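For reference, the structure is listed below as structure tokens.
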Amino acid sequence: MLDRRNQILSVLLVLQLALAAFILWPRSSSNAATGALITGVTTASVTDVTIEGDDRRVHLAKVDGAWVLPENANYPVNEVQVSGLISKVASINTSRLVANTATSHTRLQVADDDFVRRIEMKTADGATHTLFVGSAPNVRATNVRTANRDTVYLTGDLTGTDIRTDIANWIDTTYLTLNTADVTALSMANVNGKFDFTRGVSNTWTLADLAAGEQFNENNLTSRLTQLSSLQMTEPLGKEAKPEYGLDTPAATITVTVQPSGTTPVVTTLVVGAKDDTTNSYVAKSSGSDYYVRIASFSLDPFVTADRSQFLVAPPTATPVLTPVSTPAAAP
């Protein structure tokens with residue numbers, strides 16, 4: 001009986017010790033004040049977002065209820081993506097304090113002049129909220145700090161590398177789409193000349209003005225049609241033509257006629273202007289769009305540099321005639 005009582009007392013003692021340890025275990029002082037790092041930020045209240053980093057900047061704004069690029073003639077932005085970023089910022093809390101002195105900001109990459117990303121959000125009530133997104137000590141944690149405060153926290157809700165600063169990441173980059181099966185004619189012109197192609201009733205392409213003995217190489221035309229079928233831009237520039245775009249003396253002009261069965265032909269002209277070696281892109285303008293855009297050079301070089309010989313089957317190389325070499329007769 002005594003052993004049984006001792007066992008019960010021992011169990012109670014262990015439970016008491018465990019309870020005391022739980023109550024007395026030291027906790028971070030920040031837990032007592034846990035809450036949203038930034039208050040007043042919701043997908044409905046934010047009207048303007050600016051993101052900086054990697055020596056680039058992207059500015060997004062809500063105009064007439066829709067998210068756009070205000071510096072790019074209000075080109076439409078992916079609204080789901082913007083709302084996702086705002087929601088992530090709003091979900092950051094103060095439960096994981098990292099540092100509370102300004103001397104740590106540079107080391108954690110959340111300083112005013114040394115950061116991975118700087119996000120500035122403006123709300124409809126006129127408030128501005130600035131968040132510095134810094135280094136990531138591991139894949140599930142990133143240092144963050146709000147402007148005018150020394151405290152730095154960890155968050156698992158976003159990372160600096162996930163917040164892109166290139167415009168192309170925030171828009172639909174498709175500028176021109178074609179169903180190649182419905183293309184009935186294609187014309188391209190550049191400094192090397194003008195080349196006209198038509199598709200006949202037998203679904204066979206021909207090159208105009210073939211000379212006697214020339215044979216059309218359809219493969220090189222097909223590859224260019226494929227490039228035009230989904231032409232991507234890198235950046236919308238705006239709706240206003242500018243002299244520096246170089247469209248008055250285009251590097252290439254491409255005209256495509258599309259006619260699905262039983263419909264009226266639709267003609268689209270793409271004018272290719274000046275090439276920028278810094279961005280490795282051309283300015284271009286489609287008659288089917290209000291916007292002047294930049295398109296990567298690898299997409300347009302085949303049209304700018306095209307020449308007639310590329311669309312012809314190379315003549316067969318003549319086989320050299322070998323002259324037999326006579327061997328002197330041996331002396332008797």
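Rule-based calculations on the coordinates, nothing more; no lab input. Just so you know, these numbers come straight off a predicted model, no measurement behind them. We place every Cβ from the backbone using ideal geometry, glycine too, and count neighbours over all the protein chains shown.
By the scheme Lys and Arg +1, Asp and Glu -1, what is the net charge of all other residues having a beta-carbon under 14 Å from that of residue 36?
Here the count lands on +2.
Sort the following peptides by mean Cβ neighbour count (other Cβ atoms within 10 Å, averaged over residues), highest first: 195-202, 79-86, 292-299, 155-162.
292-299, 155-162, 79-86, 195-202
Return the single residue from 70, 302, 137 with maximal mean-square fluctuation; model: Gaussian network over the chain, springs between Cα atoms under 10 Å.
In the Gaussian network model the winner is 137.
Taking R0 as 22 Å, what's the FRET efficiency between residue 230 and residue 269 from their Cβ-Cβ distance, rounded to 0.05?
0.75
For the chain, find the longest principal axis of its Cα atoms and tell me its angle to the long axis of helix 2-24, 0 to 90°, nearest 10.
Approximately 60 degrees, to the nearest 10.
Nearest 0.05, what FRET efficiency do residue 239 and residue 150 give at R0 = 56 Å with Cβ-Cβ as r?
On the way: r = 45 Å, r/R0 = 0.81.
It comes to 0.80.
Please give, to one decimal in nm, the separation of the simple spin-label points placed at residue 93 and residue 276, each 7 Å out from Cα toward the Cβ.
With each label point 7 Å from Cα toward Cβ, the separation is 4.4 nm.
For the chain, take the longest principal axis of its alpha carbons; what is the angle in degrees between that and the long axis of helix 79-91, to the nearest 10 within 0 to 90?
It is inclined by approximately 20 degrees.
List the equivalent ellipsoid semi-axes of segment 23-143 in whole Å, largest first, each obtained as the square root of 5λ for an eigenvalue λ of the Cα gyration tensor.
Output for segment 23-143: semi-axes of 30, 18, 12 Å.
Going by the alpha-carbon gyration tensor, a ≥ b ≥ c the square roots of its eigenvalues, is segment 89-240 rounded (a/c under 1.5) or, if a/c is not under 1.5, prolate (a/b greater than b/c) versus oblate? Working shown, then result.
On the way: a/c = 4.07, a/b = 3.66, b/c = 1.11.
Prolate is the answer for segment 89-240, as a/c is 1.5 or above and a/b outweighs b/c.
Can you tell which of 217, 203, 100 shows the greatest fluctuation in a Gaussian network model of the chain with Cα springs below 10 Å?
203
Only one of the listed values, (1) 55; (2) 43; (3) 35, was derived from the coordinates as percent of Cα pairs over 33 Å apart; which label is it?
Calculated percent of Cα pairs over 33 Å apart: the matching label is (1).
Efficiency by 1/(1 + (r/R0)^6): what FRET value for residue 56 and residue 307, r their Cβ-Cβ distance, R0 = 35 Å, to the nearest 0.05? Mind dumping the intermediate values first?
On the way: r = 37 Å, r/R0 = 1.06.
So, using R0 = 35 Å, E works out to roughly 0.40.
My understanding is that a pair violates if its Cα-Cα distance is over 22 Å; which of 122/242; 62/242; 194/239; 62/285; 62/239 do that in this structure?
122/242; 62/242; 194/239; 62/285
Determine, for each peptide in 236-242, 88-94, 61-67, the mean count of other beta carbons within 10 angstrom over its residues, then list the peptides with the highest first.
The densest-packed peptide leads the list: 88-94, 236-242, 61-67.
Quick one: among 128, 278, 222, which has the greatest mean-square fluctuation in a GNM of the chain with alpha-carbon springs under 10 angstrom?
278
Tell me the angle of helix 218-229 to the major Cα principal axis of the chain, expressed in degrees between 0 and 90 and rounded to the nearest ten.
30 degrees
I need the semi-axes of the equivalent ellipsoid of segment 174-311: take the C-alpha gyration tensor, multiply each eigenvalue by 5, square-root it, list largest first in whole angstrom.
26, 18, 12
For the chain, what is the mean residue ellipticity at 222 nm derived from helices alone (per DSSP H run of n ≥ 4: -39500 (n - 2.57); sum divided by total residues; nearest 500 deg cm²/dmol)?
Working: 4 runs with 56 residues, N = 332.
Computed mean residue ellipticity for the chain: -5500 deg cm²/dmol.
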